[in-house]
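Report on one structure; see the data block that follows.
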Amino acid sequence: MINDMTARVSALQGGSVHIINGVDYKIAPLLKKDPRAYLVVTEGKQHFSLPMDATKEPFNNPDIVLALKHALDRKQMVDLLMAGYGRVGNDHPIAASDPNFNPNIEQRAYDPDKARFHLKKAGKSELTLELHAAPVAFEQAVSTAELFAQSAKPAGITVGVKREPDDGYWAEVWMKKPWVASFWAGRPSASMMFSSVYASGAPWNETHWKNEDFDRKLAESRSFADPAKRREVYFELQQTIHDTCPTIIPAFASWVDAARAEVKGFTPNPNFLLSDHRVAERVWLEA
């Protein structure tokens with residue numbers, strides 16, 4: 001394992017290794033021009049999230065949550081921080097590549113005026129919050145928090161960026177602090193994603209959100225033999241998360257792997273990086 005990104009890319013370019021994963025978005029455009037290698041970009045289910053604790057003020061106020069959801073410039077995040085290697089998210093965890101993705105949910109956009117409107121509905125003219133982030137959550141987490149701080153200002157929202165150490169982040173910050181940065185690799189099915197993170201009793205319910213109607217419909221969907229009927233429920237569940245769950249999902253992030261030119265048969269799989277971790281079974285070297 002080569003943890004250092006620069007060393008990992010150098011090993012690929014020098015021929016010490018044939019395949020690497022986790023290419024940094026800033027490095028990807030440069031590596032793309034190297035005739036010795038090529039990129040394998042997977043537009044899959046990995047997504048970044050900014051969950052809020054539904055049991056803590058002010059995140060138990062729906063209008064505060066909506067104000068924050070309109071206060072981040074998602075497109076700027078994807079274009080600048082991710083170099084375009086991703087898609088704008090819409091505050092629910094199902095990717096466009098998933099057959100159960102709901103295309104009918106209106107895309108939430110950066111709108112400081114609408115953010116200020118919801119802030120006023122919550123009885124506030126301004127708001128000050130702290131967002132906890134660390135690169136271990138996702139490489140651009142701290143930069144995303146800083147971008148949030150910048151884009152939220154016109155709405156009267158002050159976001160303090162608390163950079164946390166990578167060491168201990170998942171044990172001491174995630175699901176402990178009221179507002180944090182997080183990420184999900186996605187799950188093979190929509191049902192698994194809902195059950196893992198959004199059901200009331202989910203082990204990784206990072207927002208501590210509880211919605212009885214959501215739980216009931218999710219449980220019922222498992223009994224449907226008809227895929228179309230099950231898909232209809234999954235559409236409703238995505239809408240419910242989008243509308244009421246106190247999390248911001250600003251972007252779906254592409255997996256960026258790379259291989260030397262002599263590696264053949266390396267194709268992306270939307271479930272995970274390195275062809276869903278089965279790259280060794282599928283590739284060959286051309287002499």
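Descriptive notes on the structure:
- Whichever residue in the range 259-282 is in contact with a His (Cβ under 8 Å, 6 or more places away or on another chain) and of a type in the set (A, V, I, L, M, F, W, C) and, among such residues, is farthest from D34 (Cα to Cα): V263
- Scanning the range 113-138 for residues that are in contact with a helix residue (DSSP H, G or I) (Cβ under 7 Å, 6 or more places away or on another chain), farther than 25 Å from F183 by Cα and not in a loop (DSSP other than H, G, I, E, B) yields R116, H118, L119, K121, L127.
- Restricting K121, K176, K153, K114 to those that are surrounded by fewer than 20 Cβ atoms within 10 Å (Cβ to Cβ) and over 21 Å from N60 (Cα atoms) reduces the list to K153.
- Exclusive hit being over 28 Å from L30 (Cα atoms), in contact (Cβ under 8 Å) with a residue 40 or more places away in the chain, surrounded by fewer than 20 Cβ atoms within 10 Å (Cβ to Cβ) and acidic (D, E), set E130, E106: E130
- Residues in the range 179-215 that are open to solvent by less than 60 Å² (accessible area, probe 1.4 Å), of a type in the set (A, V, I, L, M) and more than 22 Å from H132 (Cα to Cα): A190, M193, A199, A202.
- Qualifying residue in the range 12-29 (condition: without any contact (Cβ under 8 Å) to a residue 12 or more places away in the chain, open to solvent by 30 Å² or more (accessible area, probe 1.4 Å) and more than 28 Å from G265 (Cβ to Cβ)): no
- Only helices (runs of 4 or more DSSP H) whose full extent lies in the range 184-271 are considered here, and the ones with at least 1 residues that are touching a residue at least 60 places away in the same chain (Cβ under 8 Å) and not basic (K, R) are 190-197, 227-244.
- Annotation for the range 274-282: no member residue is closer than 12 Å to V40 by Cβ and assigned to a strand (DSSP E or B).
- For the range 269-287, filtering for residues that are open to solvent by 70 Å² or more (accessible area, probe 1.4 Å) and either modelled with pLDDT of 95 or more or in contact with a strand residue (DSSP E or B) (Cβ under 7 Å, 6 or more places away or on another chain) (or both) leaves 3.
- Test: residue in the range 247-260 that is in contact with an Asp or Glu (Cβ under 6 Å, 6 or more places away or on another chain) and open to solvent by 60 Å² or more (accessible area, probe 1.4 Å): no
- Set side by side, the residues D34, D98 differ, and just one is surrounded by fewer than 16 Cβ atoms within 10 Å (Cβ to Cβ) and not aromatic (F, W, Y), which is D34.
The values are calculated or read from the model by the stated rules, or taken from the named source; none is laboratory data. Every value quoted in this text rests on a predicted model; they were computed, and no experiment measured them. With ideal geometry, Cβ positions are generated from the backbone for all residues, glycine too; neighbour counts draw on all protein chains shown. In case anyone asks, the SASA skips ligands and DNA or RNA and just uses the protein heavy atoms, side chains included. Shrake-Rupley method; radii C 1.70, N 1.55, O 1.52, S 1.80 Å.
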